[in-house]
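These notes concern the structure reproduced below.
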Amino acid sequence: MEMYSQVVIGRLLFLVPSLVGWIVAVVLAAIMLKRGGARAERFLVIGASLMLLGSFLDIPTPALSMWLSVARGMTNVEAASVLSVFGLVRGCIGLAGIICLVYAFWVKFKRHESVTGRNDGEVQL
């Protein structure tokens, strides 16, 4: 059991900056939403929360690999198939988070463009 906890603690220490960043993003997005945010802020909260969930799911992955092969006695092929399904789910959660974040920024800047009536990135001839 000590071996698994060392792996999880090591992975947690590796992911601390990412976890702190996504926690700050969720808190700031929630504050923006509470202060009258619209659809962009909702997608920002959802996207940051999904990315935080993906980071949390990344913590036990190395210990899961060891547990499957050592404690459960699975062969490398069986353990790899279980880990690939776990990785696929984790990847889909991360992809959904990225899509929500990109959509939130796209909606926010599109709304800013329609309010100001100009597009700073486009040259008009």
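Remarks
- Segment 48-65 residues near the modelled Glu2 label - backbone nitrogen below 16 Å, point 7 Å along Cα→Cβ: none
- Summarising the label geometry, the points placed 7 Å from Cα in the beta-carbon direction at Tyr103 and Phe86 lie 2.9 nm from one another.
- Spacing of the two label points (7 Å from each Cα toward its C-beta) at Ser18 and Leu95, in nm: 1.7
- Translational diffusion coefficient (Stokes-Einstein; Kirkwood radius from C-alpha pairs) of the chain at 10 °C, 1.306 mPa s, in µm²/s: 93
- Helix 2-34 vs. the chain, principal-axis angle (Cα, 0 to 90°, nearest 10): 20
- Selection from Ala104, Ala25, Gly36, by position along the positive dipole direction of segment 2-116 (Cβ): Gly36
- Rg and Dmax of segment 33-87, both derived from C-alpha coordinates alone, stand at 17.6, 54 Å.
- Max mean-square fluctuation residue, GNM over the chain, Cα-Cα springs under 10 Å, options Val107, Val45, Val26: Val107
- Against the chain, whose longest principal axis is taken from its Cα atoms, helix 76-116 shows a tilt of about 10°.
Every read-out reported here was derived from the displayed coordinates using simple, explicitly stated rules and does not represent laboratory data. As the structure is a prediction and not an experimental result, all values here were calculated from the model. All Cβ positions, glycine included, derive from the backbone under ideal geometry; neighbour counts span all protein chains shown.
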